[in-house]
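Data first, discussion second: the structure below is written as structure tokens.
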Amino acid sequence: MNRRTLVKQLGLSLPAYLLSKQAGASFFEGLGEQYAKGPFKATWDSLQGYQVPEWYRNAKFGIWAHWGPQCEAEYGDWYARGMYEEGSAQYNYHVKKYGHPSKFGFKDVIHQWKADQWDPEQLVALYKRVGAKYFFALANHHDNLDLWDSKYQAWNSVRVGPKKDLIAGWAKAAKKQGLPFGVSVHASHAWTWYEVAQRADKKGPMAGIPYDGKLTKADGKGTWWEGLDPQGLYAQNHPLSENAQNNGAIHRQWNWGNGVAVPTKAYCDLFLKRTLELIDKYEPELLYFDDTVLPFHSLNDVGLQIAAHHYNRSIKRNKGKLHAVLNGKILDEVQRKCMVWDIERGQSNSIEPFAWQTDTCIGGWHYDMRVYDNKQYKSAKTVVQTLVDIVSKNGNLLLNIPVRGNGTIDDQETAILEEIASWMKVNAECIFDTRPWKVFGEGPAMEGAASLSAQGFNEGKGKPFTAADLRFTAKGDVLYAILYGWPENRQVRIKSLSEGNALRPTAINKVEMAGGGALRFQRNSEGLEIVLPEDKPDLSYAVVLKIT
């Protein structure tokens, strides 16, 4: 088989292959290599044997601590990049709080991060009470700091910053609560993400003085980081990508194309070793990659090797049963058979044939004091209605609750979680262990649904939900209809359940409201017409009707 044919079968474009050839990547040399013994090999053909475990399909809802050193500044997502973008809000904040990035770079922010009030057992216990059926922790971000005791990455949270093994603490807390543990891995992109650290100011008194992105180990003599190589963190000993002065160019290059500076084999191999160590040492059942498909997908087979290893380790750990989940973004039809499609800050507009996941956040990904000060968090209402919508379409919701630099969550976040817990206490049966019905819902919001863009990003762009919208879930012979509001006249008409409707030809004998009693109803050619009780529940933005 020639290389062109193999490229086509693997679902890659020829330009991506040429890119890997230019980089000298050994894409075709490592295919099929296995680390953990088991049925899965590092090929798409082999990975198509994957089946999403039933526990995950039943779980529906997970909570994520997207927490790392960028939360120390408490000034929003991608802080370790924005602080090097001259004139940006994060740059201006950084200069005022810490000093110029030529003298106080992100490595120094890490040094200040102590996480001294972090109590993982308290947080994970809260998340379980809220309704989470699995828990995720950030293992590393684009800032390239490993949050565990890594033997391959000297820049880790045990050696610098908090001087704690954060992943070990999270894993222990999740195990105590009986929650499957997940880790998110983002560090493959540090290579290009940190390119801004190679810059210097273009104006002002510090114009022309380089930021700290090109410092070497020798430069550390007499500093707090003496003995550490900053290039182990910043990875900037390489030429810049095309259009590197354009802060937005990185988004077009996320798939390792469009003029990106191609990472070396050594960089990719190190990422592989770090990730395999993470899997072996902490045994996560869930693994999330913030990548197009898999890390370095268009360049080499590193992501495929990790996927096979993750699945095989799970089988060995669970006595022959596969419990593992692997999330990736922008997947084609074949890839969705091999792993779980993740949609960032968005939702599918149809019932998907395979289980999928939305990952989103009540605020920014990293803690941002401005969101707190301006009371801009998503409400519990938005979270619950989003969860219901996702579950009705065969999906799961992974929700990030931003954690402050010190390791705590704030009072507004706690109040949102407590309200979600209150809703769950009455209505959880329509979420957990359910499956989609024949249609996912009714109402005007379906007509105004926004299409997905790249990784997702259609959240909040469609018509808002009203009392005229509803969603369906099913469990055995029970059908749940979840109303997105309380009609003023207390009259509900469900068109999909009209008399003689092929969607539900069998009789309807009983309609109940979760947390209440039986309701009066009649079925006619217009629909199933239900009269709600006079007493409206406190949390009436997602009213659950149980139809049997």
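Bear in mind these aren't lab numbers, they're just calculated from the coordinates by the rules spelled out. On a predicted model such as this, the values are computed, not experimentally measured, just so you know. Cβ: placed from backbone, ideal geometry, glycine included. Neighbour counts: every protein chain shown.
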### Query
Rounded to the nearest 500, what is the chain's calculated 222 nm mean residue ellipticity when only DSSP H runs of at least 4 contribute -39500 (n - 2.57) each, over all residues?
-7500 deg cm²/dmol
### Message
Restricting to DSSP loop positions (anything but H, G, I, E, B) with no more than 13 other Cβ atoms inside 10 Å of their own Cβ, which trypsin sites (Lys or Arg not before Pro) remain in region 98-194?
### Response
Lys103, Lys151, Lys163
### Query
Here are some pairs, Lys425/Lys475; Lys41/Lys329; Lys172/Lys475; Lys103/Lys217; which of them have Cα atoms lying more than 26 Å apart in this structure?
Lys172/Lys475
### Task
For region 441-547, calculate the relative contact order in percent as a whole number, restricting contacts to Cα pairs under 8 Å that are 6 or more residues apart.
28 percent
## Note on the structure
Cα gyration tensor of region 261-417 diagonalised, 5x eigenvalues square-rooted, in angstrom largest first, produces semi-axes 30, 21, 16
### Query
What percent does the relative contact order of the chain come to when contacts are Cα pairs within less than 8 Å and at least six residues apart?
17 percent
### Query
Over region 64-208, what is the relative contact order in whole percent, taking alpha-carbon pairs under 8 Å and six or more residues apart?
26 percent
## Note on the structure
Using alpha-carbon positions, the gyration tensor of region 133-195 gives root eigenvalues a ≥ b ≥ c; with a/c under 1.5 called rounded, otherwise prolate if a/b exceeds b/c, else oblate, the class is oblate
### Straight-distance crosslink candidates among aspartates and glutamates, where the alpha carbon sits under 16 Å from Lys202 and sequence neighbours closer than 8 are dropped
Glu85, Glu86, Asp212
## Note on the structure
By Cβ neighbour count within 10 Å, fewest first, Ser451, Ser496 rank Ser451, Ser496
### Task
Arrange the following residues from fewest to most other Cβ atoms within 10 Å of their Cβ: Ser157, Ser102.
Ser102, Ser157
### Task
Would you please report the Å³ per residue occupied by the convex hull of the alpha carbon atoms in region 407-548?
153 Å³
### Query
Each label point is 7 Å from the Cα along the Cα-to-Cβ direction; what then is the distance between the points at Lys375 and Leu240, in nm?
4.4 nm
### Query
So what's the gap between the Cα centers of region 478-517 and region 312-336, to the nearest angstrom?
37 Å
### Query
GluC sites (Glu not before Pro) within region 406-511: which are DSSP loop residues with at most 16 other Cβ atoms inside 10 Å?
Glu447, Glu488, Glu499
